[in-house]
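Structure record follows, encoded as structure tokens.
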Amino acid sequence: MISPSEDGLSVDEVLTLRKRDCEIPENHTGGLECPREFDGWTCINTTAAGTVAHFPCPYFIFGFDPSRAGHRTCLEDGSWFRHPDSNKTWSNYTTCVDMEDLKMRNNVNLIYKTGYSVSLLALTLSIFIFFYFRSLTCTRIQIHKNLFISLAINNLLWLIWYETVVDNIPLLLANEVGCQILHVLLQYFMVATYLWMFCEGLYLHTLLVITFVTESKVMPILHLVGWGIPALLVAIYTSLRASSKDDTLHCWIHESLYNWALSGPVCLSMIANFVFLINIVRLLLTKLHSAARTSPRSSFKDKNASIRSKRSTISTPGIPSGRTRKAVRATLILIPLLGLQYLLTPFRPDQGTQWEYVYQVVSAVVTSCQGLCVALLFCFGNGEVVTAMKKKWRQCKLSKKKPWHSCSAVTSVSFSRSSYGHEMAAGPGDGPPMDGSVLGSCQL
């Protein structure tokens, strides 16, 4: 619990104040007792011999629960208990830590580190593939590159954060500028990742709604949204948080009241992507309805045409069911690309409830494995990438005596918009392009 005299003070100032107050002499009640003593964190008041002194856990120590209490034993001879290893008077602060909660959080941190490591590996390989094959240069792939780069850097920074800051109590107490800068960089690339996901959704939706899009003007705008706006938001967040002493402790590891400067725009981008996804599905099904009504009927010379027509009408009135399922499936795999999986964890349960552990595990898996998911769906499972790699492999097989870098692929790049409806209807399993965006396809 924070006393009124300690409100707004730094840790060093609090410790200096507590030590000074502890030096004020007390009125003794008589009898054998242990003297008043400052243990480095807390002032232990005079305690009768053979009793135990209880005191609140320091609120400024990371990992301590201020609602719990530490204790110190006064022996029968009027001396404080000494630890057998150090032979120094010892205050027991082990009760300040909830061991079950600590174990749970360590397990969650392990999930984060494992997921981020695997995702970073997959994203790094994906970025190499995108840059290596010069045929993959359309606008859609350019947006993928920026998203993958922001995700990869974000994952790398999180790994550094978990390895060097989270469990490093001396570093958290020192609260040096380096770990604060790391926190700010983390926030920047996290927001940049969300806004590049918004750029993915905005571009896909724009291609559907607007008939003609000037490709040369799209990327500068998206770069401004994806990299420029996060810089502005993080600058506002940093200036607000730096102005509050309570929010600058422990390498800024605790959540701040000023997180709204980042979480507000991020939530708006996710809502916008959700609207984009719903509208993409609606427009796609509308196109399929129109295609079904205008498509030529089966030849009247086919004796079984009328029978098949009746069956088709009974099973799927107006729309071919297979095409519809594939179209919806191709659109739904946009969810990890647009970051809509985060809508599964919008509200955090209260700390200590039975659902908190479930929430933490689900959140850790969803967050840390997003990079792996988008790499699998939009790079390794991308029909254009698969085609380019197969072509490179065939060329290298024809020139076995030449090194890998001498195998050059000459490909042409063109932007195809007219085949959009058929590609979406074909779905990710019917040939390139296999990623769910299937817009602005790079023809190989």
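Each reported figure results from applying straightforward, stated rules to the coordinates on display, with no laboratory input. Everything quoted here is computed from the prediction, not taken from an experiment. Here the Cβ is made from the backbone with ideal geometry for all residues, glycine too, and neighbour counts use every protein chain on show.
For Leu173 and Ala48, the FRET efficiency from 1/(1 + (r/R0)^6), where r spans their Cβ atoms and R0 equals 41 Å, is about 0.80. Here the residues Val166, Val358, ranked from fewest to most Cβ neighbours within 10 Å of their Cβ, fall in the order Val358, Val166.
In order along segment 70-79, the phi-based Karplus estimate (6.51 cos²θ - 1.76 cosθ + 1.60, θ = phi - 60°) of 3J(HN,Hα) comes to x, 8, 9, 9, 9, 6, 5, 8, x, 10 Hz; Gly and Pro are listed as x. Backbone phi angles across segment 269-276, fed through the Karplus curve with coefficients 6.51, -1.76 and 1.60 (θ = phi - 60°), yield HN-Hα couplings of 5, 5, 5, 4, 5, 5, 5, 4 Hz in residue order; Gly and Pro are listed as x.
Per-residue extension of 0.36 nm, minus the Cα-Cα distance of Val184 and Asn27, leaves a gain of 51.5 nm for this segment.
Residues Ser368, Ser119, Ser243, arranged from fewest to most other Cβ atoms within 10 angstrom of their Cβ, appear as Ser243, Ser368, Ser119.
One decimal place: the segment Leu125-Leu257 gains 43.7 nm when fully extended, by the rule 0.36 nm per residue minus the C-alpha distance. Under a 5 Å amide H cut-off, with hydrogens placed 1.01 Å from N, Thr47 pairs with Cys34 among residues at least 5 apart or on other chains. Taking a ≥ b ≥ c as the square roots of the eigenvalues of the alpha carbon gyration tensor, segment 4-96 is oblate, as a/c is not under 1.5 and a/b does not beat b/c. Residues whose amide H lies under 5 Å from that of Asn175, counting only those 5 or more places away or on a different chain, are Cys251; hydrogens are built 1.01 Å from N in the peptide plane.
What shape does segment 137-290 have by the C-alpha gyration tensor, where a ≥ b ≥ c are the square roots of the eigenvalues, rounded means a/c under 1.5, and otherwise prolate means a/b greater than b/c and oblate the rest? Note, shape of segment 137-290 comes out prolate.
Given the pairs Lys113/Lys391; Lys287/Lys392; Lys217/Lys391; Lys145/Lys390; Lys19/Lys245, which span a C-alpha to C-alpha distance of over 25 angstrom in this model? The answer is Lys113/Lys391; Lys287/Lys392; Lys217/Lys391.
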